[in-house]
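These notes are about the structure you will find just below.
We did not get these values from a lab; they are worked out from the coordinates using the rules stated. Source: prediction; values computed, not measured. All Cβ positions, even for glycine, are placed from backbone atoms using ideal geometry, and neighbour counts span all protein chains on display.
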Amino acid sequence: MTLANELKSIVGEDFVITRRDQMMQYLLDETPQAVKPVPADEVLVAKPSCSAEVSDLLKLANRTRTPVYPRGGGTSTVGGPIPTTNGIVLSLERMDRLIEIDMDNLMVVAEAGVTMETMLRAVEGKGLLFPPHPGDEGAQVGGVVACNAGGSRAVKYGIVRNYVKGLEVVLATGEMVSMGGKLLKNNTGLDLMHLMIGSEGTLGIITRAVFRLYPMPAVTAVLLVSFGDRRTAVAAVPRVLQSGILPLAVEYVERDIIDISAHHLGMSWPAKRGDAHLIFTVDGRSEDEVYALCEQIAAACDASGSVDTLFAETKQEQDTILRIRNELYGALMGDLAESLDLAVPPAKVADFLDAVERIAREYGSRIPNYGHAADGNLHPHLMMDLQQRGILWEVKDAIYEEGARLGGTVTAEHGVGRSRRIYFNRYTDATSRRLMRGIKDLFDPNGILNPGAAIE
Ligand SMILES: Cc1cc2nc3c(=O)[nH]c(=O)nc-3n(C[C@H](O)[C@H](O)[C@H](O)COP(=O)(O)OP(=O)(O)OC[C@H]3O[C@@H](n4cnc5c(N)ncnc54)[C@H](O)[C@@H]3O)c2cc1C
């Protein structure tokens, strides 16, 4: 029997794609063109409907030594799910059951293929909050766990890792393992569940997750503070945090690119003054509480040299600001060679931005930035002119070198995927890489899971 027919016998005739023209969407993700990996020629797409089918599929792949590329929402910006050798794309899209919102334990149980959009709306409907919010709600439960996604709300609430309490995983051998559970404390042996979080499809297929939830805050507010330049803006962030306020999010954006995003949406950026902006989102139990927090933030920013402050009172004003911010990646995509995802210690953000500015000047270019300022996580945007002039890699090398010098890391939240392998190898010590390799070999002895991605 051919591989395609064997797959059909596992997941059903209608759920295997063999024709290239029908599988194009499974060969792509959101990685910018200049660094997008090239998909292999002979790929099959299989869509199992349950963990037992995932298990049978992996037994087949392991026996035939066929590479398997797990795929969630395909919102990776680093080529994570792109099948770069002949093999099987395993799409979790049919495993989209939201199994339970457990009000007594404040947890949600969902299959891997549930989108963030579906899960967020469902828990919000119960007055609950799943705090992490990666920018694209088309991302799926399995994908955000596999990438240990971050997002803007990490300042106060942390990243996906902080919310995963249980996982169901199918190993490369087809064995099913249940890790963790509806438990807030669990100290039993080595923590396999946390190894799976952020493993980018290289250690196993995540088929189900249990996440912790919080009560939905009664009130949120958005404050848009403008500054004359980058350094003054980011230097205000530690001042705000030192004043004892913990905002939900502190996003940093720059005038020239935020105007592009606003224009892209047919809107206009509400801040009229300043070239660098901080967007603070705060939450609380009452309007008075939130209003007082906004006043404190405005005062701390004023003392740090802000030139304007805009308090978005209505839901519509808040949505406008956040929508323009969230559209940045899409708006810049056409002219974008690559978006980086470095993190430096939060107190070093201003130094990092100065270094990026200096590198841009040296190479006669402009490198716009935005990111999660209070997390130390910036997304320098390398535009197509660098690619066209043949200096993209040189400029990238210089930025990563500055990031490392400041005690930073190659990727804060998007992962290594395929496009950052070279920098992961360069800046991760040999002993750590050897240990990771050993773990990979233990979980996936024949190396069939997402070869070429992340830790490989
Ligand atoms: C506009 C935009 C904004 C974004 N903003 C953010 C942000 O603020 N913060 C952030 O952290 N990320 C952000 N991202 C990146 C992306 O959304 C996240 O990395 C997300 O977690 C990917 O989820 P996915 O379901 O789309 O996974 P995919 O892109 O399908 O896959 C990502 C990786 O996970 C693996 N994988 C997927 N599902 C499984 C599974 N069930 N089991 C095992 N492995 C699996 C894949 O093999 C691949 O290596 C953004 C992306 C876009 C396009």
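At-a-glance table
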| item | result |
| --- | --- |
| Karplus (6.51, -1.76, 1.60) ³J(HN,Hα), θ = phi - 60°, over segment 155-163, in Hz, Gly and Pro reported as x | 3, 8, 10, x, 9, 4, 3, 6, 10 |
| Nonlocal amide H pairs with THR207, under 5 Å, H built at 1.01 Å | GLU168, VAL169, VAL170 |
| Taking the convex hull of Cα positions in the chain, its mean projected area over all directions (nm²) | 21.8 |
| Of the GluC sites (Glu not before Pro) in segment 246-328, those whose Cβ has at most 13 other Cβ within 10 Å and which sit in DSSP loop | GLU313 |
| Computed over the chain: relative contact order in percent, which uses C-alpha pairs under 8 Å that are six or more apart | 17 |
| Extreme residue, positive dipole direction of the chain, given options ALA149, LEU195, ILE206 (C-beta unit charges) | LEU195 |
| Cα→Cβ-extended label distance, 7 Å offset, between ASP14 and VAL38, nm | 3.7 |
| Amide H within-cut-off set for ARG418, under 5 Å, with H built and near neighbours excluded | GLY79, GLY80, ALA454 |
| 30 Å Cα-Cα threshold exceeded, pairs from LYS36/LYS182; LYS47/LYS396; LYS126/LYS165 | LYS36/LYS182; LYS47/LYS396 |
| Sorted peptide list for 375-384, 90-99, criterion being average Cβ within 10 angstrom, highest first | 375-384, 90-99 |
| Integer Hz, Karplus 6.51/-1.76/1.60 couplings in order for segment 383-390, x for Gly and Pro | 8, 4, 4, 5, 5, 5, 8, x |
| Over the chain: helical MRE at 222 nm, DSSP H runs n ≥ 4 each giving -39500 (n - 2.57), nearest 500 | -10000 deg cm²/dmol |
| Global geometry of segment 254-303, whether rounded, prolate or oblate, following the gyration tensor of its Cα atoms and the 1.5 cut on a/c | oblate |
| Shape category assigned to segment 1-69 from the gyration tensor of Cα positions, a/c cut at 1.5 | prolate |
| Relative contact order (%) - criterion: Cα under 8 Å, at least six apart; region: segment 14-58 | 53 |
| Simple label model, 7 Å out from Cα along Cβ direction - ARG285 to ALA299, nm | 2.2 |
| Rg(Cα)/(2.2 N^0.38 Å) for segment 1-132, N = residue count | 1.19 |
| For segment 34-49, Karplus couplings with θ = phi - 60° (6.51, -1.76, 1.60), whole Hz, Gly/Pro x | 4, 10, 5, x, 8, x, 6, 7, 10, 10, 10, 10, 10, 10, x, 9 |
| Convex hull volume of segment 219-326 per residue (C-alpha atoms, cubic angstrom) | 81 |
| Built amide H within the under 5 Å cut-off of ILE99, gap 5+ | VAL109, ALA110, GLU111 |
| Square roots of five times the Cα gyration tensor eigenvalues for segment 98-215, Å | 21, 16, 14 |
| Set of aspartates and glutamates near LYS185 by C-alpha distance (under 17 Å), chain-local residues within fewer than 8 positions excluded | ASP104 |
| Zero-based 10 Å bins, Cα pair distances in segment 331-416, whole percents | 19, 56, 25, 1 |
| Highest-first arrangement of 385-397, 298-310, 225-237, where packing means the average Cβ count within 10 Å | 225-237, 298-310, 385-397 |
| Three-way shape call for segment 289-337 based on the alpha-carbon gyration tensor, with the a/c threshold at 1.5 | oblate |
